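The values are calculated or read from the model by the stated rules, or taken from the named source; none is laboratory data. Nothing here was measured: the structure is a model prediction, and the numbers come from that model. Cβ placement follows ideal geometry from the backbone for every residue including glycine, while neighbour counts extend to all protein chains displayed.
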Amino acid sequence: MPGGSVMSDAARGQLHTRVHDDVVGHAPPGTEAPDIRLKPLLLTGLFIVVFAAVTIGGLRYYYNRQGLGPLVQTARMFPAPRLQQSPAADLAAMLRDQRAKLDGYAWIDHENGIARMPIEEAMRRLAERGNAAYAAPLQPERTPALGSRGGASSRVLSPGVGPGAVSTPVSTGPGIGVR
């Protein structure tokens, strides 16, 4: 190069685009050494598996050889009275009774006409009635007994008299206490 200074392409800011060949000293493709050495990795994994197997086998041998120690208590029975001898049978009986109540007819309050019916039947009857099923039931008209005042209190306020005013008692006899 003229001028006496030898400057590389990289130093001059130019990208290096030439391909290196084997003469420069690069290894041919495909012959690079792996980054992970396989032998130590496999030996470590094998050691872990063997260690776990020996540990499990040793513990199993130890516990089978020991048997029941003096600190282990056998199952004991509760003292009398034993209230629930067979919980499974008791549960089955309770579920059977509940199912019978849900699926059968029975009087709840015979005097007032309240009965129990199966859920499916009650739902069918509600569906037949439509929106009228949710209306308030009709209440029978209750008439006051003879000789009563029909629910009026002993003091009746005169019309136009405000709260806190004193009024006179009303009598039930004819012409007595009339104002």
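Pairs needed: first member in the stretch 98-125, without any contact (Cβ under 8 Å) to a residue 24 or more places away in the chain; second member anywhere, loosely packed, with under 10 Cβ neighbours inside 10 Å and assigned to a loop (DSSP other than H, G, I, E, B); C-beta distance under 6 Å; at least 6 residues apart or different chains.
Close Cβ pairs (under 6 Å, with a partner that is loosely packed, with under 10 Cβ neighbours inside 10 Å and assigned to a loop (DSSP other than H, G, I, E, B)) amount to 117/105.
Looking for something surrounded by 10 or more Cβ atoms within 10 Å (Cβ to Cβ), charged (D, E, K, R) and either touching a Pro at 6+ places or on another chain (Cβ under 9 Å) or at pLDDT 75 or above (or both) - is there at least one such residue anywhere in the stretch 70-88?
No: the stretch 70-88 contains no residue that is surrounded by 10 or more Cβ atoms within 10 Å (Cβ to Cβ), charged (D, E, K, R) and either touching a Pro at 6+ places or on another chain (Cβ under 9 Å) or at pLDDT 75 or above (or both).
I want to confirm something. Restricting to the stretch 124-148 and keeping residues that are surrounded by 10 or more Cβ atoms within 10 Å (Cβ to Cβ) and of a type in the set (A, V, I, L, M), which single residue is farthest from residue 100 (Cα to Cα)?
Here the answer is 133.
Provide a single number: the residues in the stretch 80-119 that are hydroxyl-bearing (Ser, Thr, Tyr) and assigned to a strand (DSSP E or B).
Result for the stretch 80-119: 0.
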